[in-house]
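One structure below.
The values are calculated or read from the model by the stated rules, or taken from the named source; none is laboratory data. This one's a predicted model, so the numbers in the text were calculated from it and none came from an experiment. Here the Cβ is made from the backbone with ideal geometry for all residues, glycine too, and neighbour counts use every protein chain on show. Keep in mind that these areas ignore ligands, DNA and RNA; they rest on the heavy atoms of the full protein, side chains included. Shrake-Rupley method; radii C 1.70, N 1.55, O 1.52, S 1.80 Å.
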Amino acid sequence: MSVIVDVHPSDPAYGTTLASSLFGLMPTVDRPQWSVARLQGVLGHAFQFEMKEDGGEVYHDNLDWGIAHRNIKKLAKFRAYQANKDKDIDLPALKAEARDAALSSLQKGITAVVWQPMSVEQKADGSHAYCWGLIVGYDEEEETYTIRHPFVKDQYTVRYDAIGHADPVEWFNVTVFDGHVDGDEKVIHLQAIEDAIRFANGTRYSDANFLRENGKKVRPYGFAAYETWSKALDSDDVSVKFSSWHADMLKTRRQLAGNYMSELADVFPEASAALEAAAAEYNRELESLVPLHTLLVSARESETFTAEQRADAQGLIGGALNADRTAIAHVEAALAILKH
């Protein structure tokens, strides 16, 4: 027996593999309203941005996964079959249990989310199926899952027992839908709005849990990240290599933020004017971020910043920050209406 559920993860250019995979799962549980922007907004990813003081490498996908995993539980009930190599557990038995749950789900037309769905051999052969993907089918005779992954163009198969060894801690995770949650979806969005404000103002974390190296806050976030980035461009040590990457990530995230605010205008009609105004400001921010990305790609290709490029980049970062501040002011206005 074999089964295929014909859904796909979203384009990975528009966010994390987790949101991309959830985008493919939610329509199979009768929740098609969960767009990529809505998922990224609720998971917090649309509003996060960090920067190092030298403008160097920041792993931008290393987001606040605490928020993401907290809010996934509000989207639906999920059951995770998971363990890593250090856990004292019968892994073959766990994999068999996960297989039975995934196959049962697929027989109902519901996909499952899976971590790093590739074998060690597939990874060695150059597979890019890193992080999260979708189990969209199976073949009982071949004992394989059919996978669709945000980073892999075509669907492929992997053995039931081969998943869970292709990352450093050999984490195995197959997560299946386990029922809808009760409650008003608006509560989730209100929390996301509050989180967006805290990210921007640098109050999402206490100083105690955001100090990184030798007691120093070396990766400011929110508005402070823009300011840190602009200041870094005054230094001869600023990274040319990573600057365009920062701009690309920020551009994508603020596009998602704007789209999410527009969607929320329909969810909260009483605050639609403020939410649409926030969306317009995020769109205005893109008017700085798109040319900023182009400028920084040019600098990366020449492996140096000219004085003119530094000044132009600082001007564009300043314009982006101004728009971001105004967007958050409108988000705060919307929240005040909704909490009145």
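Considering each of LEU264, LEU233, LEU292 in turn, give the residue that is more than 20 Å from the chain's Cα centre (by Cα), open to solvent by less than 10 Å² (accessible area, probe 1.4 Å) and at pLDDT 95 or above.
LEU292
Do you know which of the residues in the stretch 237-250 that are open to solvent by 20 Å² or more (accessible area, probe 1.4 Å), of a type outside the set (A, V, I, L, M) and part of a helix (DSSP H, G or I) is nearest to GLY41 (Cα to Cα)?
Checking each candidate, the answer is ASP248.
Considering each residue of the stretch 8-36, count those that are open to solvent by 30 Å² or more (accessible area, probe 1.4 Å), touching a residue at least 40 places away in the same chain (Cβ under 8 Å) and hydrophobic (A, V, I, L, M, F, W, C), and give that number.
1
Of all the residues that make up the stretch 295-336, how many are open to solvent by 50 Å² or more (accessible area, probe 1.4 Å), assigned to a helix (DSSP H, G or I) and among the hydroxyl-bearing types (Ser, Thr, Tyr)?
2
Take the residues in the stretch 47-64 that are modelled with pLDDT of 65 or more and among the charged types (D, E, K, R); name whichever of them is surrounded by the most Cβ atoms within 10 Å (Cβ to Cβ).
Only one residue fits best here, namely GLU50.
Looking only at residues that are touching a strand residue (DSSP E or B) at 6+ places or on another chain (Cβ under 9 Å) and open to solvent by 90 Å² or more (accessible area, probe 1.4 Å) in the stretch 69-84, which one is farthest from VAL158 (Cα to Cα)? Let's see the steps before the verdict.
Residues of the stretch 69-84 that are touching a strand residue (DSSP E or B) at 6+ places or on another chain (Cβ under 9 Å), as a first pass: 72, 76-84.
Then drop every residue that is not open to solvent by 90 Å² or more (accessible area, probe 1.4 Å), which leaves 77, 79.
Details: LYS77: 26, ARG79: 21 Å.
Within the stretch 69-84, the match that is farthest from VAL158 (Cα to Cα) is LYS77.
So, ARG253, is that one of a type in the set (Lys, Arg), without any contact (Cβ under 8 Å) to a residue 60 or more places away in the chain, in a helix (DSSP H, G or I) and buried (at least 17 other Cβ atoms within 10 Å of the Cβ) or not?
Values: of a type in the set (Lys, Arg): yes; without any contact (Cβ under 8 Å) to a residue 60 or more places away in the chain: no; in a helix (DSSP H, G or I): yes; buried (at least 17 other Cβ atoms within 10 Å of the Cβ): yes.
When the stated conditions are applied, ARG253 does not pass them.
Within the stretch 240-258, work out how many residues are touching a His at 6+ places or on another chain (Cβ under 8 Å) and hydroxyl-bearing (Ser, Thr, Tyr).
So the answer is 1.
Just checking: which of the strands (runs of 3 or more DSSP E) contained wholly in the stretch 127-188 hold 1 or more residues that are open to solvent by 70 Å² or more (accessible area, probe 1.4 Å), of a type in the set (Gly, Ala, Ser) and in contact with a Gly (Cβ under 6 Å, 6 or more places away or on another chain)?
none
When you look at GLU270, is it part of a helix (DSSP H, G or I), open to solvent by 20 Å² or more (accessible area, probe 1.4 Å) and modelled with pLDDT of 95 or more, yes or no?
Against the criterion (part of a helix (DSSP H, G or I), open to solvent by 20 Å² or more (accessible area, probe 1.4 Å) and modelled with pLDDT of 95 or more), GLU270 qualifies.
Could you check the stretch 1-51 and list, in sequence order, the residues that are of a type in the set (Lys, Arg) and in a helix (DSSP H, G or I)? Break it down into steps so the answer makes sense when it comes.
Keep residues of the stretch 1-51 that are of a type in the set (Lys, Arg), which gives 31, 38.
Result: ARG38, single match.
I need a count of the residues in the stretch 102-118 that are assigned to a helix (DSSP H, G or I) and buried (at least 18 other Cβ atoms within 10 Å of the Cβ).
Within the stretch 102-118, residues that are assigned to a helix (DSSP H, G or I) and buried (at least 18 other Cβ atoms within 10 Å of the Cβ) number 4.
When the residues of the stretch 274-289 are filtered to those that are in contact (Cβ under 8 Å) with a residue 24 or more places away in the chain and open to solvent by 70 Å² or more (accessible area, probe 1.4 Å), which remaining residue is nearest to GLN255 (Cα to Cα)?
ASN283
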